[in-house]
Amino acid sequence: QVQLVESGGGLVQTGGSLRLSCAVSGRAITRYDVGWFRQAPGKVREFVAAIRWGGTYYADSVKGRFTISRDDAKNAVYLQMNSLKPEDTAIYYCASGPVVGAVKPDAHYDYWGQGTQVTVSS
């Protein structure tokens, strides 16, 4: 059974940083894509970042501020978020999918975590 559990969300001021963690069980992250998505109130879920083997992918809105990384020994993926803005406020989800096709569509991913809230105050 594949499970993804996010942690690390919270309340931070504009310009602050948070590090989200995604603990994966039931599949090796070295053999699957792992992505981060977010959904703000009243908005559709959007792609944030993904990691596939040694490659990383980012949405334009977070490029240069967010960094995705992974720890193969812990089977975990992280999202370091710096220079946070109020518009980054959302529930953040991690997801895992097969290493085939594009990483940005959420339909690419077959397992999802429950999400963690990130709130950036102005």
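The values are calculated or read from the model by the stated rules, or taken from the named source; none is laboratory data. Computed from a prediction, not measured in an experiment: that's the story for all the values here. Backbone-built Cβ (ideal geometry, glycine too); neighbour counts: all protein chains shown. The area values use the complete protein model at the heavy-atom level, side chains included, leaving out ligands, DNA and RNA. Shrake-Rupley method; radii C 1.70, N 1.55, O 1.52, S 1.80 Å.
Ordered from largest to smallest accessible area (heavy atoms of protein chains, 1.4 Å probe), the residues LEU11, LEU18 come out as LEU11, LEU18. Using a Gaussian network model of the chain in which every pair of alpha carbons under 10 angstrom is joined by a spring, one finds that among SER21, SER96, SER61 the greatest mean-square fluctuation is at SER61. Spin-label pair TRP53-THR14: with each label point 7 Å from Cα along the Cα-Cβ axis, the two points sit 4.2 nm from one another. Its residues counted as N, region 1-107 yields a C-alpha radius of gyration over 2.2 N^0.38 Å of 1.01.
Computed over protein heavy atoms with a 1.4 Å probe, the accessible surface of the chain works out to 50 Å² per residue. Rolling a 1.4 Å probe over the protein heavy atoms leaves SER69 with an accessible area of roughly 50 Å². Of the listed residues GLU6, GLU46, the order by accessible area with a 1.4 Å probe, largest first, is GLU46, GLU6. The slack in the chain from ASP60 to ARG31, taken as 0.36 nm per residue of separation less the alpha-carbon distance, amounts to 7.9 nm.
Under the combined filter of DSSP loop state and at most 15 neighbouring Cβ atoms within 10 Å, region 37-122 retains these chymotrypsin sites (Phe, Trp or Tyr not before Pro): TRP53. Pick from ARG31, ARG45, ARG70: which residue has the top mean-square fluctuation in a GNM of the chain where Cα pairs under 10 Å get a spring? Among ARG31, ARG45, ARG70, the largest mean-square fluctuation in the Gaussian network model of the chain belongs to ARG31. Extension gain for SER7-SER121 works out to 39.1 nm (0.36 nm per residue, less the C-alpha to C-alpha distance). The accessible area of LYS74, taken with all protein chains in place and a 1.4 Å probe, comes to roughly 140 Å². Of the residues ILE91, ILE29, ranked by 1.4 Å probe accessible area with the largest first, the sequence reads ILE91, ILE29.
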